[in-house]
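Structure, as structure tokens:
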Amino acid sequence: MPDVALLALIMVAMLAGYLLGRAEKKKKKEHFPGHHLSKEYFAGLNYLLNEQTDEAIETFIKVLDVNNDTVDTYLALGSLFCRKGEVDKSIRVHQDLLARPSLTPLQSIRVRLELAKDYMTAGLFDRAEAMLVDLSRQNHEYRLDALQQLLKIYEREREWHQAVEVAESLHKLSGEHYASRLAHLYCEIAEEKLRHNDRSGARKFIRTAFYRDKNCVRASLILGRIEMEEGRDREATKVLQKVSTQDNRYVPLTLDMLETVCHRSHQQRVLGSYLARCLNEKPGTAVILAMTAQFMNSRGDVFAMEFLTSQLRRQPTLRGLNALINIQLNHPTEPSLTSIKLLKEVTDQMLVSKPVYQCLSCGFSGKEMHWHCPGCHEWGTLAPVQGVEGE
Ligand SMILES: [Zn+2]
């Protein structure tokens, strides 16, 4: 039980802090009416050893002086409870600390910050927010921490405008570190605008997203969709193709839209040379399948099948195999038909159960693309799954 050991250590530190404080007071005044405290201290220690932590905390809080030496110990005690998931105890420790008139202004700020974190852990976001807003308005050495916590709350509550305001402050305070996160937040607002059919509002926020992070793939995808919906096919093609230079892992996300706009505006050749370039830079299943579909239209099934087979030999993937079987089913030769059908059934089943996107940071995976990972709450960490069963 390492936690109990740690708790005991903290209690010893509290006693040391208390004794130090007493020694100092003794120097100043010769008498100090404190000898009954040690009895209660040992009573507390006894509770602790019997793992009656509630009673132990109560006793220690009652008897121990808060001075410069013990504030740190109290804070350590609070964070220990918080880590153990006993956030109610952590809240009590911090609230008790706050009630002490002997805290310096900076100590009081630090304790309030810890209390706000307790409220966040307990899911009391309104209380945490009120406290953090207050703390982030003042100038002190914990302001950055307060702003970071506040940003987490606004992101979790999907309050994007407030999140942007806080992230811009953080960007000013700590530089480029917040650029890509800000771009994601502006994209969230742009998507919100689109949901309310406000395309020009969305465009405005996409521009701001690019201003913060010119390599924001997500902003390119949103802008590509807007251009496509407004029938500006040339602009849509241009912005969607930009993704391959921004981060070519996300090229698969552009292909459906690119196929639509290139097909309806007769830019098949533009799409063809773009796909060839992508294949050259980073061969992936989505690009190979898009090229195969193009070849089926322009050069016929046999050529497309040969192309796909040669690509699959180089880089076998489940989805590629599945597509090959599909084409072959249109050109059956009697003896192989049954086995191909069986193979097709199996690969169909496998594809249904496979996640398509995975978080590089925490491993979260699913069939839906998230820009804000539901697992670890990082931004832009999900990408199409790689390997035999992925791209
Ligand atoms: Zn994650």
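The values are calculated or read from the model by the stated rules, or taken from the named source; none is laboratory data. Because the structure is predicted, anything quoted here is derived from the model rather than measured. A quick note on method: Cβ atoms are made from the backbone with ideal geometry, for glycine too, and the neighbour counts reach across all protein chains shown. Calculation scope for accessible area: heavy atoms of the full protein, side chains included, ligands and nucleic acids excluded. Shrake-Rupley method; radii C 1.70, N 1.55, O 1.52, S 1.80 Å.
Summary table below
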read-out: Estimated inter-spin distance, Leu106 and Glu58, nm [label 7 Å along Cα→Cβ]; value: 3.6
read-out: Where Met296, Met120 fall by accessible area, highest first, once all protein chains stay in place (1.4 Å); value: Met296, Met120
read-out: Accessible heavy-atom area order of His377, His161, His94, highest first, probe of 1.4 Å; value: His161, His377, His94
read-out: Sequence of Cys82, Cys216 when ordered by accessible area, the most exposed leading, probe 1.4 angstrom; value: Cys82, Cys216
read-out: Accessible area (Å², 1.4 Å probe, nearest 10) - Lys242; value: 80
read-out: Too-long pairs where the Cα-Cα distance tops 32 Å, listed order kept, from Lys242/Lys341; Lys238/Lys344; Lys117/Lys242; Lys152/Lys193; Lys242/Lys344; Lys214/Lys282; value: Lys242/Lys341; Lys238/Lys344; Lys117/Lys242; Lys242/Lys344
read-out: Under Karplus coefficients 6.51, -1.76 and 1.60, residue-wise ³J(HN,Hα) of region 222-227 in Hz, glycine/proline x; value: 5, 5, x, 5, 4, 4
read-out: Full-extension gain in nm, Asp301 to His161, via 0.36 nm per residue minus C-alpha separation; value: 45.3 nm
read-out: For region 139-249, size of Cβ-based charge dipole, Lys and Arg +1, Asp and Glu -1, in debye; value: 360
read-out: Formal net charge of residues neighbouring Arg156 (Cβ-Cβ distance under 15 Å; K, R +1; D, E -1); value: -2
read-out: For Glu378, residues with placed amide H under 5 Å, excluding near neighbours; value: Cys373
read-out: Derived scalar couplings ³J(HN,Hα) [region 185-196; Karplus, 6.51 cos²θ - 1.76 cosθ + 1.60; whole Hz; x for Gly, Pro]; value: 5, 5, 5, 4, 5, 4, 5, 4, 4, 5, 4, 9
read-out: Protection proxy ranking, peptides 380-387, 275-282, 109-116, average beta carbon neighbours within 10 Å, highest first; value: 109-116, 380-387, 275-282
